[in-house]
2 protein chains.
Amino acid sequence: MDRRTATIQDVARVAGVSTATVSRTLSKPAVVTKATRDAVLSAVAETGYRVNTTASNLRRQRTGSVIVLLPNIANPFFAQILAGLSSVLTPAEYGMLIADTQSGPDADARLAHYLASGQADGLVLLDGTLSAEVLASPARPPIVMACEWMGSTLPSVRVENARGGALAVGHLAQLGHRRIGHVTGPPANVLTQTRLEGFLSTLRELGLPQNPDWVLEGDFTMDSGAAAARAWLGLTDRPTALFLSSDEMATGFIGEVQRAGLSVPGDVSVVGFDNIEIAQHLAPGLTTIRQPRTQIGVRAAELLLTMIESNSRDAPSEIIEVELIRRGSAGPPPD
Amino acid sequence: MDRRTATIQDVARVAGVSTATVSRTLSKPAVVTKATRDAVLSAVAETGYRVNTTASNLRRQRTGSVIVLLPNIANPFFAQILAGLSSVLTPAEYGMLIADTQSGPDADARLAHYLASGQADGLVLLDGTLSAEVLASPARPPIVMACEWMGSTLPSVRVENARGGALAVGHLAQLGHRRIGHVTGPPANVLTQTRLEGFLSTLRELGLPQNPDWVLEGDFTMDSGAAAARAWLGLTDRPTALFLSSDEMATGFIGEVQRAGLSVPGDVSVVGFDNIEIAQHLAPGLTTIRQPRTQIGVRAAELLLTMIESNSRDAPSEIIEVELIRRGSAGPPPD
DNA sequence: GTGAAAGCGCTAACAA
DNA sequence: TTGTTAGCGCTTTCAC
């Protein structure tokens, strides 16, 4: 019993055919006669043969993998998109290589590296802060954006972020709020911009006041939500409701407000964004804008595979809808 | 300007040397003269050459990637271990391939497949429910377990799970509780077993009552924590404190208890396990057992790389310490 | 210190 | 339908 794994040569010898026939049998079984197919398959079983992916890839001038570039794997938000990506890529026999842009120093350089390296048949970008020039690379593989990106014309799977902001404000206004504030994500992030836009334009449409003091800066984390709560507590002229650009921030916000002895929604109404798992387990439940993250991953992967297989660098972008989820954290304003 | 990327041949031609010299210059620069090294490096710059990893791997009989087998990428718990793994594997030029055992039907078969496929230089297992026999595979690559696994003798990075259970019970007992319950993870899971053991043995040591009605079954999710809360509410003879085998469950539990109009820790004290991010943002903050997940990933990756590079199938296992984090969710029992 | 040459294991023309 | 053959791009002896 040999320690080394069997090669296609071994199978060919055992089956009494050429290596080409073995290869054919495995990749397009219809093209060989049943007799040879049976012989080959039993030789495969006997030898325990598995194709050597590396050799196959080299010969076929492909890599069999897709690189996913994201800011932070540990963020549950991305983790769920990854799950969606994986559910499509794995069955299609593509490996998913994950590159964390936060772990290294220069994210742009990393991207440039991956573009040039030829280490992947395609790229999925989940980081909206990368610089666009990098993509000028001449022989780059197909790329799909799974987030918004200012001024990019790349094929993308995007969520109706502006509409999410609009839904949030609309809901709060309908509950009777007129003094509505916002906690943003990190300023450089496009999601931040778009949700803020939806927020502001809806205030305008509804004729509600726009007070710059009521727009607080966050960075999507729970910590920054808690900080926003402290800032809100310190305002002399507090808004009665807040739309926060992520559920994580909303969670941190609510916790801090409650620890200060105030009540949600009694003293302040809160609407988040994402509908992460915890939203329904908080007390009160978190009213939020649902964005289907697994689906974003699934569609992005499908788009990318289409591009890879048709050897195209372009594909129709896709918009994924958001939805308001009503729970207990938003109610009528205090009299 | 050619569309195709430059090969080692192109570099050799431009530099006026052989391909062997180019290869040497790039892998062990010390072995060539400064003159040739300079010529080669400038030719590399000029042509924009990058080594073709696939070809290199084929020639060197390696794959350059590590497979990580886990139950569910979307789980933030695993996501953080992945971050740790990635922070070691990426700089070492290993790709990290992620295989989700939940997405396919037969996890054991998947594992067997990966073991035999030769698609990776090493494996990291994060799934404690896989069957041990599968590992009998003859020519398998190095494997590291980053979780406990009944009866396995594989090199592993483990956490002091039993001690965690003991710390939780000890803390609650010290606060004055004598009626202490437990919410477990899924029964098949080894973590479940070990934490339960720590829980039970400490009750015994401290002479506290062991009531089977006070041990509720969960599955680590927030939903199951909420369900446990409903079960607890339905008990005629309620424990005054609970140790839950995950922070997610504790979060779901607290939310549901609060929605029922009761208070934590006023009516019931809660201790979780993990110290996930939200623990400090709940109101009250969640008292819990900290396990350093990123570090688990880091150590597992380091262990695996050592094994790969020394071509060994064995390595000393490692235990990572846990720690009690005191916050507000555990207090004295109600009189 | 450097070059020539032999493959790693596979697939896809092309020929038979 | 099947076999022959020529590489994919690289690394590594083995000579010099």
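The values are calculated or read from the model by the stated rules, or taken from the named source; none is laboratory data. These numbers come from a predicted model, not from an experiment. For neighbour counting, all protein chains shown are included, and Cβ atoms are generated from backbone atoms with ideal geometry for every residue, glycine included. Calculation scope for accessible area: heavy atoms of the full protein, side chains included, ligands and nucleic acids excluded. Shrake-Rupley method; radii C 1.70, N 1.55, O 1.52, S 1.80 Å.
A 1.4 Å probe, protein heavy atoms only, puts the accessible area of B:Val32 near 20 Å². Computed with a 1.4 Å probe on the full set of protein chains, the accessible area for A:Lys28 sits at about 120 Å². The angle between the Cα long axis of helix B:222-234 and the longest principal axis of the Cα atoms of chain B comes to about 10 degrees, rounded to the nearest 10.
In the context of the full set of protein chains, residues of segment A:5-93 present 49 Å² of accessible surface per residue (probe radius 1.4 Å, heavy atoms only).
Using a Gaussian network for chain B with springs between C-alpha atoms less than 10 Å apart, which of these wobbles most: B:Glu256, B:Glu217, B:Glu309? Answer for the Gaussian network model of chain B: B:Glu309. Relative to the dominant Cα principal axis of chain B, helix B:161-174 is inclined by about 30°. Shielding by partners for peptide A:73-86, expressed as the average number of C-beta atoms from other protein chains within 10 Å of each residue's C-beta, is 6. Peptide A:153-159 has a mean of 0 when you count, residue by residue, the C-beta atoms of other protein chains within 10 Å of its C-beta. Between the alpha-carbon centres of segment A:277-329 and segment B:155-169 there is a gap of 37 Å. In nanometres and ascending order, the distances from the A:Thr294 label point to those of the other copies are 2.9 (point 7 Å from Cα along Cα→Cβ).
Have a look at the DSSP beta bridges in chain B and tell me what percent are antiparallel, nearest 5. List each step's numbers first, then the result.
Working: 3 of 32 bridges.
Antiparallel: roughly 10 percent of the beta bridges in chain B.
Across A:Arg259, A:Arg313, A:Arg230, mean-square fluctuation computed from a Gaussian network of chain A (C-alpha pairs under 10 Å connected) peaks at A:Arg259. Quick one: check the C-alpha center-to-center distance for segment A:53-69 versus segment B:198-258, whole angstrom. Centre-to-centre (Cα) distance: 49 Å. Quick check on the protein assembly as shown: of the DSSP beta bridges with both residues there, what percent are antiparallel, nearest 5%? Antiparallel: roughly 10 percent of the beta bridges in the protein assembly as shown.
Percent of accessible area on segment A:171-219 owned by carbon and sulfur, 1.4 Å probe? Show your work: numbers first, answer last.
Values: 1140 of 2270 Å².
C and S fraction of accessible area: 50 percent.
Show that you can apply the helix-only estimate: for chain A, add -39,500 (n - 2.57) for every DSSP H stretch of four or more residues, divide by all residues, and state [θ] at 222 nm to the nearest 500.
On the way: 11 runs with 137 residues, N = 335.
Helix contribution divided over all residues of chain A: -13000 deg cm²/dmol.
Summary for A:Asp213: label point 7 Å along Cα→Cβ; distances to the equivalent points in the other copies, ascending, 5.6 nm.
How much of the accessible area of segment B:37-78, in percent, comes from carbon and sulfur atoms when a 1.4 Å probe is used? Numbers along the way, then the final one.
Working: 990 of 1940 Å².
Within segment B:37-78, the accessible surface is 51 percent carbon and sulfur.
Checking the a/c ratio against 1.5 first, then a/b against b/c, what shape does the Cα gyration tensor give for chain A? Here chain A falls in the prolate category.
Label-to-label distance, A:Glu93 versus A:Arg178, with points set 7 angstrom from Cα along the beta-carbon direction: 6.6 nm. Note on A:Ala20 and A:Glu197: the extension gain reaches 57.7 nm, defined as 0.36 nm multiplied by sequence separation minus the Cα-Cα distance. Hey, what did segment B:1-73 get for relative contact order, percent, Cα under 8 Å, at least 6 apart? That works out to 32 percent.
Overall form of segment A:189-288: oblate. Here a/c, set by the Cα gyration tensor axes a ≥ b ≥ c, is 1.5 or more, and a/b is not larger than b/c. Ordering A:Gly225, A:Thr192, A:Pro316 by the projection of their Cα atoms onto the charge dipole of chain A, which places +1 on the Cβ of Lys and Arg and -1 on the Cβ of Asp and Glu, puts A:Pro316 at the extreme positive end. Measuring nothing but how far apart in sequence close Cα pairs (under 8 Å, 6+ apart) lie, relative to its length, segment B:186-271 scores a relative contact order of 27 percent. On a per residue basis, segment B:219-335 carries 37 Å² of accessible surface, using protein heavy atoms and a 1.4 Å probe. Taking Cα atoms only, the orientation of helix A:190-205 departs from the longest principal axis of chain A by about 40 degrees.
Just the protein heavy atoms count here, and of the accessible area of segment B:232-326 at 1.4 Å, carbon and sulfur take up 46 percent.
Please state the relative contact order of chain A as a whole percent: Cα pairs under 8 Å, 6+ residues apart? Intermediate values should be presented prior to the final figure.
Details: 641 pairs, mean separation 57.2, N = 335.
So the answer I get is 17 percent.
Within segment B:164-209, all pairs of alpha-carbon atoms sorted by distance into 10 Å bins from zero give the percentages 30, 54, 16, 0. Take the Cβ atoms of A:Ala45 and B:Arg62, set R0 to 35 Å, and the FRET efficiency comes out at 0.85.
In segment A:266-285, comparing the full protein assembly with the chain on its own, the residues that lose 30 Å² or more of accessible surface at a 1.4 Å probe are A:Glu277, A:Ile278, A:His281, A:Ala283. Each Lys and Arg adds +1 at its Cβ and each Asp and Glu adds -1 at its Cβ; summed about the Cα centre, segment A:167-235 shows a dipole of about 240 debye. Projecting the Cα positions of B:Ala83, B:Leu282, B:Gly95 onto the charge dipole of chain B (unit charges on Cβ atoms of Lys, Arg, Asp and Glu, taken about the Cα centre) puts B:Gly95 furthest along the positive direction.
Give the interface area between chains B and A as buried accessible surface, both sides summed, probe 1.4 Å, in Å² to the nearest 100.
Working: alone 16220 and 16190 Å², together 28330 Å².
Buried surface at the B/A interface: approximately 4100 Å².
Is the C-alpha gyration tensor of the protein assembly as shown telling us rounded, prolate or oblate? Criteria: a/c under 1.5 is rounded; beyond that, a/b larger than b/c is prolate, otherwise oblate. Show your work: numbers first, answer last.
Values: a/c = 2.18, a/b = 1.40, b/c = 1.56.
Oblate, because a/c is 1.5 or more while a/b does not exceed b/c.
Using a Gaussian network model of chain B in which every pair of alpha carbons under 10 angstrom is joined by a spring, one finds that among B:Ser117, B:Ser42, B:Ser224 the greatest mean-square fluctuation is at B:Ser42. Accessible-area loss of 50 Å² or more (1.4 Å probe, protein heavy atoms, chain alone versus all protein chains) is found in segment A:47-64 for A:Arg50, A:Thr54, A:Leu58.
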